[in-house]
Amino acid sequence: MNTVVTLERVTKSYGEVVALDGVTLAFPRGRFLAVMGPSGSGKSTLLQCAAALDPPTSGSVIIGDVDVSKLSETKRTVLRRKHIGFIFQAYNLLPAVSIMDNITLPLRLAGVRPDRAWLDELIDRVGIRDRLNHRPAQLSGGQQQRAAIVRALAARPDVVFADEPTGALDLRSAAQVLDLLRRLVDEMGQTVIMVTHDPAAAARAHDTLVMADGRVVDLLNAPSAEDLAVRLTRLNRAVAA
Ligand code: ADP
Ligand code: MG
């Protein structure tokens with residue numbers, strides 16, 4: 001199957017606010033997809049629905065061959081642990097435990113024995129081997145995000161979602177994280193879907209999906225950072241008007 005997640009007429013409302021307005025979309029396997037759009041356009045909501053973190057108000061979210069919008073919260077959690085990785089802007093590592101324990105905690109919660117060879121490969125690939133026994137606060141932001149990437153990939157998820165993963169990083173660390181995400185896709189066949197407001201970050205992806213007012217307004221193949229910047233400026237003006 002060449003689609004990892006499919007959304008069919010997905011709407012998500014918060015009271016009066018329609019955060020997603022009937023989105024129909026298929027996320028292709030093995031691609032690095034960026035999601036851009038003005039603030040409040042529904043990017044984070046799209047990720048949360050597609051990652052089965054949050055059920056849609058109406059419509060279907062299909063992961064593998066399961067419609068997760070019909071599952072109980074418990075079943076959604078089980079499915080998410082098996083199929084989905086998530087990377088947050090603020091890393092979301094537990095401060096009181098070591099990096100290694102942070103990485104293996106989700107597996108242990110799921111009752112899965114960590115695959116040591118796979119973890120070793122990931123740890124070396126992201127370059128945090130000498131930080132495994134440290135607490136998160138002893139690492140730089142870039143190192144913490146790379147640890148969070150290992151955690152997200154530990155269970156070999158079908159798809160990794162990242163919501164502004166470079167938003168809290170300096171330019172150099174951001175570039176390292178983007179290089180890493182791109183290599184995970186190119187060399188390991190991982191599927192990555194990344195929200196970003198940085199056109200240069202989006203330009204590292206294969207494709208960029210552009211959102212406005214809870215809808216997908218564009219899907220661009222390999223756009224340049226300049227092209228994205230122009231489109232985003234136009235959309236931001238339209239939002240402000
Ligand atoms: P983006 O990530 O593109 O900035 P969001 O998906 O976070 O946008 O938000 C889309 C819209 O939904 C916004 O108007 C936002 O205020 C609203 N929204 C998002 N999450 C919630 C929530 N938990 N409760 C109420 N409104 C929300
Ligand atoms: Mg957001």
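Tally time: how many residues in the stretch 152-177 are in a helix (DSSP H, G or I) and either within 16 Å of ligand 1 (Cβ to nearest atom) or buried (at least 21 other Cβ atoms within 10 Å of the Cβ) (or both)? Outline the logic, then answer.
First, the residues of the stretch 152-177 that are in a helix (DSSP H, G or I): 152-153, 171-177.
Next, only the ones that are either within 16 Å of ligand 1 (Cβ to nearest atom) or buried (at least 21 other Cβ atoms within 10 Å of the Cβ) (or both) stay: 152-153, 174, 177.
Of the residues in that region, 4 qualify.
Pairs, please: C-beta under 9 Å, at least 6 apart or cross-chain, first residue under 14 Å from A51 (Cα atoms) and part of a strand (DSSP E or B) and in the stretch 1-27, second of a type in the set (V, I, T) and within 11 Å of ligand 1 (Cβ to nearest atom)?
Taking only residues 6 or more apart or on different chains, the pairs are K12/V18; K12/T45.
Please go through the stretch 178-205 and pick out each residue that is closer than 23 Å to R234 by Cβ and surrounded by fewer than 23 Cβ atoms within 10 Å (Cβ to Cβ).
Residues of the stretch 178-205 that are closer than 23 Å to R234 by Cβ, as a first pass: 194-205.
Once the filter is applied, which keeps residues that are closer than 23 Å to R234 by Cβ and surrounded by fewer than 23 Cβ atoms within 10 Å (Cβ to Cβ), the stretch 178-205 yields H197, D198, P199, A200, A203, R204.
Inside the stretch 178-204, can you point out the residues that are within 16 Å of ligand 1 (Cβ to nearest atom) and either more than 17 Å from V5 (Cβ to Cβ) or in a loop (DSSP other than H, G, I, E, B) (or both)?
Hits for the stretch 178-204 are T196, H197, D198, P199, A201, A202.
Test K12 against the criterion of being surrounded by fewer than 15 Cβ atoms within 10 Å (Cβ to Cβ) and over 25 Å from D227 (Cβ atoms), and give yes or no.
Numbers: surrounded by fewer than 15 Cβ atoms within 10 Å (Cβ to Cβ): no; over 25 Å from D227 (Cβ atoms): yes.
No, not satisfied.
Looking only at the stretch 21-52, which residues are within 16 Å of ligand 2 (Cβ to nearest atom) and within 24 Å of M188 (Cβ to Cβ)?
L33, A34, V35, L47, A50, A51
Only one of these is more than 16 Å from ligand 1 (Cβ to nearest atom) and touching a His at 6+ places or on another chain (Cβ under 9 Å): S39, S72, S60, S98. Name it.
S98
Scan the stretch 77-111 for residues that are of a type in the set (V, I, T) and either out of contact with any helix residue (DSSP H, G or I) (no Cβ under 8 Å at 6 or more places or on another chain) or free of Cβ contacts under 8 Å to residues at least 24 places away in the same chain (or both) and jot them down.
Of the residues in the stretch 77-111, the ones of a type in the set (V, I, T) are 77-78, 84, 87, 97, 99, 103-104.
Within the stretch 77-111, T77, V78, I84 qualify.
Just give me the residues in the stretch 42-57 being within 12 Å of ligand 1 (Cβ to nearest atom) and outside any helix (DSSP H, G or I), in sequence order.
At the first step, the residues of the stretch 42-57 found to be within 12 Å of ligand 1 (Cβ to nearest atom) are 42-50, 53-54, 57.
Passing the criteria: G42, L53, D54, T57.
Name the pairs: first residue in the stretch 214-225 and on the phi > 0 side of the Ramachandran plot and assigned to a loop (DSSP other than H, G, I, E, B), second residue surrounded by 14 or more Cβ atoms within 10 Å (Cβ to Cβ) and β-branched (V, I, T), Cβ to Cβ under 7 Å, at least 6 apart or on different chains?
Sorted first by the residue in the stretch 214-225, then by its partner, the pairs are G214/V18.
No lab work stands behind these numbers, since they all come straight from the coordinates. As the structure is a computational prediction, the values presented were derived from the model and not from experiment. Heads up, the Cβs are rebuilt from the backbone with ideal geometry, glycines too, and the neighbour counts pull from every protein chain shown.
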